[in-house]
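Taking it in order: structure first as structure tokens, then the write-up.
The values are calculated or read from the model by the stated rules, or taken from the named source; none is laboratory data. Treat the numbers as computed from the prediction; the structure is a model and nothing was measured. Because the Cβ atoms are built from the backbone with ideal geometry, glycine has one as well, and the counts that use them run over all protein chains shown.
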Amino acid sequence: MSEQSERIIKIDTVSPEEILAELQNEDTVPKPGKIVSAEEREAGQKQSDDRCPGGGNKSIYELLEEDIMASDIPEAEKTRHLSRLIKIRSKKVNIMLAGSTGSGKSSTVNAMFHMDVAKVGVGVDPETTDISRFELDNLIIWDTPGLGDGIENDKKITKEIIAKLNEADKEGTLLIDMVLVIMDASSKDLGTAYDLINNVLIPCLGEEAEKRILIGLNQSDLAMKGAHWLADKNEPDDVLKEFLKKKADSVQKRIKDATGLEINPICYCAGYKEEGGEQRRPYNLTKLFYHIVRMIPKDKRLALVDNINDDADNWRYDDQESDYRGGIRRGFCDTVWDFVSDGAETGSELGGQILGIPGRIVGGVIGGAIGAVGGLFEAVFG
């Protein structure tokens, strides 16, 4: 019998308090993340502190713990919920970043998540020379070196990428959940990125490639050398929108012609600050993040919640072609709903709908957790 099987059998025989003690074990549980509390959601306000790790803010996992322990449900049901929380809390999301030097990989991840996980290059030399691992609680970013700085260097990087894509976790599942390929929308030479996608990523990922590769066309504001960008609205005008659409269609067609797979690029701007200039705010970052959430396995999505960049301006501007904010909410809430509804027999009513979850909530377990997620989205996404 495996160690994991023994663990599952033992869980059913211990008390909720013993499981809670295991949840609070540092070796099992990630450090507290950053989230807005239920009380602040009701007040419609965002946390005003510095949101540093280990501070007063509670992670989504801690809020779920509290709701389970405070809920008026049988002890056996508490035990089932807590045992499931242990499993969910052990899930890590692994995202690989890939692209050419200067495409904006580091800028992109820094804009999406609430800490500087990688150096953003401002000089002529690549800032990352080997695959770098950045861990944010249960979110792990694998930042690959920039391609296009020499044939031999690209061969070395390609071998490292292939090895990482074929690496498995302790359960035998491929480690990397998805690959985010960043292209420079202002560049005419995308050959290096095409080679990476067509000859490395797709062959490695096989039938899962369409579900695990996302392409971002960054620096969309510079796609026409900075022309046709409406700086006051932080968005492209109609001319640039059409140009970007054709650019995305061209990338999609070239990949489909070469591989038969249909991968639709997302045009966006990660935002940046020119030396001596003003800060350019991100554009369409919400759309990019929406597609990332959709690609992440449902039982792992909560790992993203505690690490979302809480700068509301980063999420303010998008093409408004779809309700990306609503889609992100539903993506996270599907996970919470699955967590509380699994194996439950009774429910209680929660007025109306919160984040797209229907009113019937199992055992009243997730009031604080849902309220906290709601507060985060109100504060960050509006």
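Below is a table of values for the structure above.
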| item | result |
| --- | --- |
| First in region 315-337 and within 18 Å of Arg89 (Cβ to Cβ), second anywhere and of a type in the set (Gly, Ala, Ser) and part of a helix (DSSP H, G or I), Cβ under 8 Å, 6 or more apart | Val336/Ala369 |
| Single residue of Glu235, Glu278 found to be closer than 25 Å to Ser106 by Cα, of a type in the set (Asp, Glu) and modelled with pLDDT of 95 or more | Glu235 |
| Residues that are without any contact (Cβ under 8 Å) to a residue 24 or more places away in the chain and under 21 Å from Gln320 (Cβ atoms), drawn from region 238-251 | Asp238, Val239, Leu240, Glu242, Phe243, Lys245, Lys246, Asp249 |
| Among the residues listed as Ile161, Ile157, Ile182, the single one being within 23 Å of the chain's Cα centre (by Cα), crowded, with 22+ Cβ neighbours inside 10 Å and closer than 30 Å to Lys225 by Cβ | Ile182 |
| One residue from Arg316, Arg280, Arg294 being touching an Asp or Glu at 6+ places or on another chain (Cβ under 9 Å) and either over 15 Å from Leu222 (Cβ atoms) or surrounded by fewer than 23 Cβ atoms within 10 Å (Cβ to Cβ) (or both) | Arg280 |
| Residue count for region 130-152, restricted to those that are more than 13 Å from the chain's Cα centre (by Cα) and within 10 Å of Ala98 (Cβ to Cβ) | 6 |
| Residue satisfying all of: in region 252-308; over 30 Å from Leu63 (Cβ atoms) and part of a helix (DSSP H, G or I); nearest to the chain's Cα centre (by Cα) among these | Gln252 |
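Residue-by-condition table, conditions (1) exposed (fewer than 12 other Cβ atoms within 10 Å of the Cβ); (2) under 17 Å from Asp184 (Cα atoms); (3) of a type in the set (Asp, Glu):
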{"residue": "Asp237", "(1), (2), (3)": "no, no, yes"}
{"residue": "Leu244", "(1), (2), (3)": "no, yes, no"}
{"residue": "Asp249", "(1), (2), (3)": "no, yes, yes"}
{"residue": "Gln252", "(1), (2), (3)": "no, yes, no"}
{"residue": "Ala258", "(1), (2), (3)": "no, no, no"}
{"residue": "Leu261", "(1), (2), (3)": "no, no, no"}
{"residue": "Cys267", "(1), (2), (3)": "no, yes, no"}
{"residue": "Tyr272", "(1), (2), (3)": "no, yes, no"}
